[in-house]
Amino acid sequence: MSRTSAVVTGATSGIGAAIARNLAAGGMRVTLVGRDGDRLDQARRRILAGIPDAELTSERADLSLLGEVRSLAERLADPPPDVVVSNAAIIADVADHTVEGHQRTLATNHLAPYLLLRSLIEPIGTRPARFVIVGASPRGLARMPIDVDDLARNTSHDLGSVPSLRPLVAYGRTKNMNAMLVYALARRLRETRITVNGAHPGIIRGTRLGHGNRRGLLRAFAAASTLFSSGSPDTGADTPTWLATAPEVETVTGQFFVERNAVTTAPHTTDPTRCDQLWDESARLVGLGHGA
Ligand SMILES: NC(=O)c1ccc[n+]([C@@H]2O[C@H](COP(=O)([O-])OP(=O)(O)OC[C@H]3O[C@@H](n4cnc5c(N)ncnc54)[C@H](OP(=O)(O)O)[C@@H]3O)[C@@H](O)[C@H]2O)c1
């Protein structure tokens, strides 16, 4: 019998590497997605060192570029995966724009999962599949409503008076988009056998998130947050892995989880009208129609 297959984005580091290892340990054929060939090789070798019979494939794609996300989706489509864990994220400078003109945090953390998951719906067709989107703390993000009419504004405007913290505010808004995408996508997948759920991994130490971009108060904030850390990347990988594999959540969809418990996220993220606006604006930015 052929193994079930999973795709994990951002599998070269931190929580994504731990999720990929967990899925491989559970017997899945795992495709590691990363933007750097050497880091992909290292991640692959680390998993094989612990699980010699792991079946691993690597796909190099810079997810901040929609063109690369599109061609990744094409490469993943035949045969389509049984599980997709959208985990890659970044805290980029607010002035950092891709050659395609999108702010890098918005492109990597929101537009990429939107385009990748949408693009895989048709190839998956009538098969069962699970999408898991790694978001962030619903409590921490409750006071960060996003502007659904102009997504680019979320990473460029009203980011607060402390310059060094602005990348974190922009990042937080894109993580609220992750929760909204879960709800918007789940409604559009009602007639399919594809589920989609979100997960907050916890405040996790020992990852590379925001490294290279920690200055001033952001550096102090990152240091302070390790005091409240809920654990290592293994801890952070637990809920996403469970959503990707556990029989008890096989048909659960459109929920957001913290420590394996379904939680309610802020009303500004659950409002169906706002989620529809996010969907339509995202479609416009990635050049797709409004349908699923
Ligand atoms: N750590 C926490 O406390 C925490 C808290 C809440 C939520 N989260 C979420 O957990 C997830 C994983 O974060 P982490 O802490 O494990 O961070 P991490 O160690 O920095 O891992 C992020 C992964 O995303 C990849 N990535 C970044 N930009 C990419 C791009 N343009 N194309 C392809 N891959 C790209 C990175 O690749 P490289 O190896 O090439 O850099 C890396 O594999 C994220 O969604 C994050 O928002 C983390």
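The values are calculated or read from the model by the stated rules, or taken from the named source; none is laboratory data. Owing to the predicted nature of the structure, the values given are computational and were not obtained by experimental measurement. No Cβ is skipped: glycine too gets one built from the backbone with ideal geometry, and neighbour counts run over all protein chains shown. To get the accessible areas, we keep the full protein, side chains included, count just its heavy atoms, and leave off ligands, DNA and RNA. Shrake-Rupley method; radii C 1.70, N 1.55, O 1.52, S 1.80 Å.
State in Å² the accessible area per residue of the chain; use a 1.4 Å probe, count heavy atoms of protein chains only, and round to the nearest integer.
Working: 13090 Å² over 292 residues.
On a per-residue basis, the chain sits at 45 Å².
How are the C-alpha pair distances of the chain spread across 10 Å bins, as whole percents from the shortest bin up? Using 10 Å bins, I get a P(r) of 7, 31, 39, 20, 3, 0 for the chain.
Of all DSSP beta bridges confined to the chain, the antiparallel ones make up roughly 10%. At full extension, ARG215 and THR57 could sit 53.3 nm farther apart than now, given 0.36 nm per residue minus the alpha carbon distance. Heavy-atom accessible surface of GLU100, to the nearest 10 Å², is about 80 Å², with a 1.4 Å probe and all protein chains retained. Backbone amide hydrogens, once placed in the peptide plane, bring VAL85 within less than 5 Å of VAL7, VAL8, THR9, VAL132, excluding anything fewer than 5 places away on its chain.
Take GLU74: with every protein chain present and a 1.4 Å probe, its accessible area is about 140 Å². Counted by Cβ distance under 10 Å from ALA184, the other residues give a net charge of +1, where Lys and Arg count +1 and Asp and Glu count -1.
Just from its helices, what would the mean residue ellipticity at 222 nm be for the chain, if runs of 4 or more DSSP H residues each count -39500 (n - 2.57) and the sum is divided by every residue, rounded to the nearest 500 deg cm²/dmol? Show your work: numbers first, answer last.
Numbers: 10 runs with 121 residues, N = 292.
For the chain, the value works out to -13000 deg cm²/dmol.
Run the Debye formula on the Cα coordinates of region 160-292, all scatterers equal and no solvent, and tell me log10 I(q)/I(0) at q = 0.18 1/Å. Those come out to -1.13, one per q.
I'd like the accessible area for SER229: 1.4 Å probe, protein heavy atoms, all chains in place, Å² to the nearest 10. Per-residue accessible area (SER229): approximately 30 Å². Expressed as a whole percent, the accessible area of the chain that falls on carbon and sulfur atoms is 51 (1.4 Å probe). Each residue of region 184-190 was assigned a 3J(HN,Hα) from its phi angle through the Karplus expression (A = 6.51, B = -1.76, C = 1.60, θ = phi - 60°), giving 5, 6, 4, 5, 7, 9, 3 Hz with x at Gly and Pro.
Check each of the trypsin sites (Lys or Arg not before Pro) in region 92-178 and keep only those in coil by DSSP with at most 13 other C-beta atoms within 10 angstrom; list them in order.
Here the trypsin sites (Lys or Arg not before Pro) that fit, given the DSSP loop and packing criteria, are ARG143.
The phi-based Karplus calculation (6.51 cos²θ - 1.76 cosθ + 1.60; θ = phi - 60°) puts the 3J(HN,Hα) values of region 42-49 at 4, 5, 4, 5, 5, 5, 5, 4 Hz, whole numbers, x for Gly and Pro.
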